[in-house]
1. Could you tell me the center-to-center distance, by alpha carbons, between the stretch 371-417 and the stretch 188-256 in angstrom?
2. Most mobile of R179, R27, R80 per a Gaussian network model of the chain (Cα springs, under 10 Å)?
3. Once the piece of chain linking S398 and I308 is laid out straight, how much longer is it, given 0.36 nm per residue of separation minus the C-alpha distance between them?
4. If you take the C-alpha gyration tensor of the stretch 30-186, multiply each eigenvalue by 5 and take the square root, what semi-axes do you get, largest first, in whole Å?
5. Would you mind computing the Rg to Rh ratio of the chain from its alpha-carbon coordinates, Kirkwood style for Rh?
6. Below 8 Å, C-alpha to C-alpha, sequence gap of six or more: please give me the relative contact order for the chain in percent.
7. Quick one: compute the contact order of the stretch 15-84, relative version, from alpha carbon pairs under 8 angstrom and 6+ residues apart, as a percent.
8. Taking a threshold of 29 Å on the Cα-Cα distance, which of the pairs K127/K280; K176/K327; K230/K416; K127/K375 fall above it?
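Please treat every number below as a calculation from the coordinates, not as lab data. The structure displayed is predicted, hence computed values, not measured ones. All Cβ positions, glycine included, derive from the backbone under ideal geometry; neighbour counts span all protein chains shown.
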Amino acid sequence: MQTILARKNFNGNLQTGNNISRVMALRCLNCLREYEPLSISYCCPVCELSGSFDVIYNYDVLGATFMNSLKECDRFDMWRYQILLPVQRPLRLNLHTGGSPLYEFEHSGCGQVLIKDDSRNPSGSLKDRASALAVAMAVNQGFSTVSAASTGNAAAALACMCATQNLECIIFAPSKAPREKLAQIKAYGATVIEVSGGYDEAFDECHRRSNENGWYNRSTGFNSYMSEGKKTVAFEICEQMGWRAPDKVFVPVGNGCIVGSVYKGFQELFLMNCIDRMPKIIGVQAQGSDYMCRVWEAEIGPHTGKIIESKTGASSISVALPRDRIKALRAIKDSGGQFIRVSDAEIYEGVVHLACGSGVFAEPGAAAAFAGAKKLGAFSAEETSVVLITGSGLKDISGLVNSGALGIDPGSFRLKP
Ligand SMILES: *Cc1c(COP(=O)(O)O)cnc(C)c1O
Ligand SMILES: [Zn+2]
């Protein structure tokens with residue numbers, strides 16, 4: 001494999017003295033060029049925005065060390081897996097991030113369905129894992145301001161983590177961003193800059209202003225390190241299952257970062273011989289936001305699908321062109337899994353079924369994974385499925401009420417007579 005030493009990326013040098021020998025290389029998923037560990041800050045300098053990279057560790061050496069490091073660690077949160085994270089100083093934020101429970105969903109079929117409840121993170125979504133890592137990396141590199149473009153959970157997570165560190169947080173939000181999520185972001189003390197247009201406009205503005213001002217940019221699809229925080233959820237699932245891999249893992253898909261990260265987590269455990277096989281990764285999309293389903297079905301590669309305006313009430317997975325589509329497609333193909341779509345009606349039914357049946361209250365974007373598991377027969381198949389619940393139902397109460405799934409009148413917020 002060709003190895004190119006990056007001296008400078010298009011945003012300047014990575015300001016770090018952390019040269020971590022555990023990390024072997026950064027490999028661009030688009031052009032497959034390899035770079036020196038931590039020599040680039042965000043994405044491949046050649047491919048730019050279409051070139052997010054993998055952080056590659058020395059798995060041969062790390063296998064035994066990894067298991068030993070867990071024996072010595074008495075806490076169950078994402079920093080438990082520090083040896084496989086791109087930080088030298090873990091910067092233990094005082095908020096408990098990751099280490100979420102894995103419950104069995106009781107039902108009458110013969111399938112085993114396990115619920116990984118990541119709604120229990122500090123700001124209420126799995127995005128906290130990535131934002132905690134972003135903040136650790138920013139602090140280690142001496143940044144005082146962190147930025148992101150986001151319509152909701154990623155921004156709330158970043159604002160939350162910044163609040164623990166006296167870091168300034170600047171969020172670029174599209175003017176259509178859900179109001180409730182905006183309130184949470186503001187409550188954590190972040191500066192919100194409204195950008196007219198959608199996520200793309202907010203993303204570009206964030207990119208430009210961060211470059212100009214020297215802010216650390218956490219935006220998904222730009223900051224390749226975010227997968228590293230998110231993959232810890234796969235480590236936890238396997239550890240909670242006694243180092244067995246489930247048969248299937250159901251993951252909701254918007255930009256595709258989570259599904260790609262979940263795959264990478266399992267893959268790393270497999271490469272270190274901690275598990276003896278890979279689970280099939282099932283990516284679940286909303287019917288009205290199904291770019292990945294379409295390119296996977298048509299076998300046309302990640303870049304050539306038709307971009308169709310997204311239409312779903314599940315705002316966290318409402319994306320016309322997924323930013324992490326290379327990683328997402330790889331997750332499904334390499335694990336022998338599949339993409340499936342669920343309707344908004346199935347999603348809201350999923351919210352209620354999951355809540356009634358287990359006490360876990362998911363936001364619509366997260367409940368899509370549960371709806372997908374139902375649809376694919378997880379209750380009746382003789383296998384173990386894990387459903388990843390990525391965010392809390394408290395994040396989007398009005399969406400649920402408006403869906404009509406509860407018999408509450410959206411106008412008055414009272415029970416319908
Ligand atoms: C962000 C998010 C998703 C989708 O993750 P992607 O990485 O964009 O695919 C799903 N559910 C919740 C609750 C989220 O916040
Ligand atoms: Zn590249």
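1. 23 Å
2. Of the options given, R179 has the highest mean-square fluctuation.
3. Values: separation 90, 0.36 × 90 = 32.40 nm, distance 2.53 nm.
Going from the current span to full extension adds 29.9 nm.
4. Details: eigenvalues 136, 126, 65 Å².
In descending order the semi-axes read 26, 25, 18 Å.
5. On the way: Rg = 20.1 Å, Rh = 21.3 Å.
My calculation of the ratio gives 0.94.
6. Values: 910 pairs, mean separation 64.4, N = 417.
This gives 15 percent for the chain.
7. On the way: 80 pairs, mean separation 20.3, N = 70.
Averaging sequence separation for qualifying contacts and normalising by length gives 29 percent for the stretch 15-84.
8. Numbers: K127/K280 22 Å; K176/K327 27 Å; K230/K416 41 Å; K127/K375 26 Å.
Checking Cα-Cα distances, K230/K416 exceed 29 Å.
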